[in-house]
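Structure first, then comments.
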Amino acid sequence: MSGRETMARRDLGIKVAIGCIMFATAIFLSACRGPTGPNGQDAFVPDSLIPVVEWLEPDVDVTVDSLVILRIKAFDRIGLDDGSIAETFAWRISFFIAGDEFAGSLEDSARKIYSYRWNAARYPEAPYPLSAKVWDVTRNTASTPTIVVWVRH
């Protein structure tokens, strides 16, 4: 293995370790409500980079009648000490169908794609607004623009 490959593996390992540490820290602090400032506000603010989220499917204004796969690409960005930015997994993903929340699942870890299988056949004919929201471990959020799909049977 060349020196360059060894360094690349080491750097990847460091980025993964940082992501795991941030996730574990967020879980710990949310379980004990974390440190609070003098006025009772949350004092845990280590990250100002918001997650990135974008729609992949469905297209805007499509007509659906059965199973629809809602699909987004989403990831968090972590600032490293050397000034570079690493991408890591989003901590929480939710899809919203006409305001109702549904948990997304990781579909493709290499490309950070999340999805939700929506059975539109169970919904009455109407237009339905769809959106998705992503959280990182430090509670930063990002949302997709709302799109509308039409259910017709």
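Throughout, read-outs are computed from the coordinates displayed, never taken from laboratory work. Just so it is clear, the model here is predicted, and its values are computed rather than measured. Positions of Cβ are backbone-derived with ideal geometry, glycine not excepted, and every protein chain shown enters the neighbour counts.
What's log10 of I(q)/I(0) for region 110-153 at q = 0.21, 0.29 Å⁻¹, Debye sum over Cα points only, no solvent?
Cα-only, vacuum Debye calculation for region 110-153: -0.85, -1.11.
Within region 86-119, what residues put their amide N at less than 19 Å from the label point 7 Å along the Cα-to-Cβ vector of Ser66?
Label zone hits: 116-119.
In nm, to one decimal, how far is the modelled label at Asp108 from the one at Arg77, with both set 7 Å along Cα→Cβ?
2.2
In percent, how large is the relative contact order of region 73-124, given Cα pairs closer than 8 Å and 6 or more residues apart?
27
Where Lys and Arg each count +1 and Asp and Glu each count -1, what net charge lies around Trp91 among other residues with Cβ under 13 Å from its Cβ?
Overall, the nearby charge balance is +2.
Kirkwood Rh over alpha-carbon pairs of region 45-151, then Stokes-Einstein at 20 °C and 1.002 mPa s: what D in µm² s⁻¹, rounded to an integer?
My calculation gives 148 µm²/s for D.
Mean separation of Cα pairs under 8 Å and 6+ residues apart, divided by the residue count of region 45-151: what relative contact order is that in percent?
34
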